[in-house]
Amino acid sequence: MRGRKKVPYERTVAATHPDLAARWCSDNEVLPDEITAGSHVIVRVRCPSCEEVREGRLQKLARSSFCRAHAYQEAGRKIAAKRAAVLQVGVNDLATTHPEWAERITEDSAHGPSEVWASSLRPITFICFGICGKPLTKAASVAVQAPLCQSCASGNGRAGYIQKELKVRSLAKLRPELAALFTPESPHSPDEVLVGSYQWIQAGCIVSGCPRIRLVKVRDLVAKDGSCGKHGKHVSKWEAEVAGFLTSCGVEVRRNVRGVLSSRSEIDILLPELGLGVELNGQYWHSDKAVAKTRRGEFGTAAALHITKYERARAKGVELAFVWEDDWSDHRLLVETALRRFIHSGKRDYLLSHLSNRGDVVRPAMFYKGELD
């Protein structure tokens, strides 16, 4: 080692790493007071646990001179000492800094909320903060940043997405009439599911008097507007809007009621307290073409079908009014005014007539002047 520039003593291994200098082997070409700990010179030192001689670059041995057998033990001891120094129960533990986690961590978790802190790598088992309720096992630092499982956070790839969407797109907010169909035994409440969710829930049928309770996906419940599918037809959005308007008028509303006219024929909306009914006529299914194709073809035309149903209902003590799909979409305010008048007086004006205005039968001018009857 001749010709090497003399190193100040305060920078040598003997000054900065006295424990390493004490285990210095005598056969080294350099002394610990002649070299710095950052040198790449190959030296030999003894393991502090078993006195086994290790050979390597001084820079690496200065960080750890333990043999392979004792290196892992020393690393574990340092980590435990670091944890004990970092964790302060009642100050920075997870139960103190994040109290909501105290209820989420399960009993079989490897560590409790008072045994980890927010940046700890210790594993914990907790219940997903989403709507699935599944148990998850993650490092505490990872769990705090991503408290949702993959399925609950799959909306756009970031944790917390569904939580944010539920505040504006939950079923309870967008479709309160369907939220009322949920049973107490349902796996999820209306506030915990999105309108287009694939999650299974337990709900009843929106049709009055139907006792059917079934497990159904949320998106299917919304697509069928709460109908269980056993009432002969799909309930469209505009039909649900008409029923919702009548309900807002303060009257009892029953939908798709059978048994009043016959076992096969039903009244779309029945107001039993007033002895009134409302038929909802779609543009296609109540046209002459559609009537001729179906089993209702015996009536010949759509107008004949509607007049027959009107007369049968009147014979049973029910006064019928007819709401057409195009009138509801194009002149909703006028139809609502006509329905209010129908509820209070039982009289129908031209908007609630049983004649079609889609080209099959033109409404006579008398219906535009006053009431039908």
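Counting neighbouring beta carbons within 10 Å and listing from fewest to most, the residues Tyr284, Tyr310 come out as Tyr284, Tyr310. Under 5 Å from the amide H of Phe322 lie the amide H atoms of Glu279, Ser353, each residue being 5 or more positions distant or on a separate chain, with H modelled from the backbone and absent for Pro and chain starts. Note on the range 170-223: with charges restricted to the Cβ of Lys and Arg (+1) and Asp and Glu (-1), its dipole about the Cα centre is near 160 debye. Taking the Cα centre of the range 9-68 as origin and assigning +1 to Lys and Arg Cβ atoms and -1 to Asp and Glu Cβ atoms, the resulting dipole is close to 320 debye. A simple count of charges around Ala223, restricted to other residues whose Cβ falls under 12 Å of its Cβ and scoring Lys, Arg +1 and Asp, Glu -1, yields +3.
Here, each number is a calculation from the coordinates, and none is a lab measurement. This one's a predicted model, so the numbers in the text were calculated from it and none came from an experiment. Please note: Cβ atoms are built from the backbone with ideal geometry, for glycine as well, and neighbour counts cover all protein chains shown.
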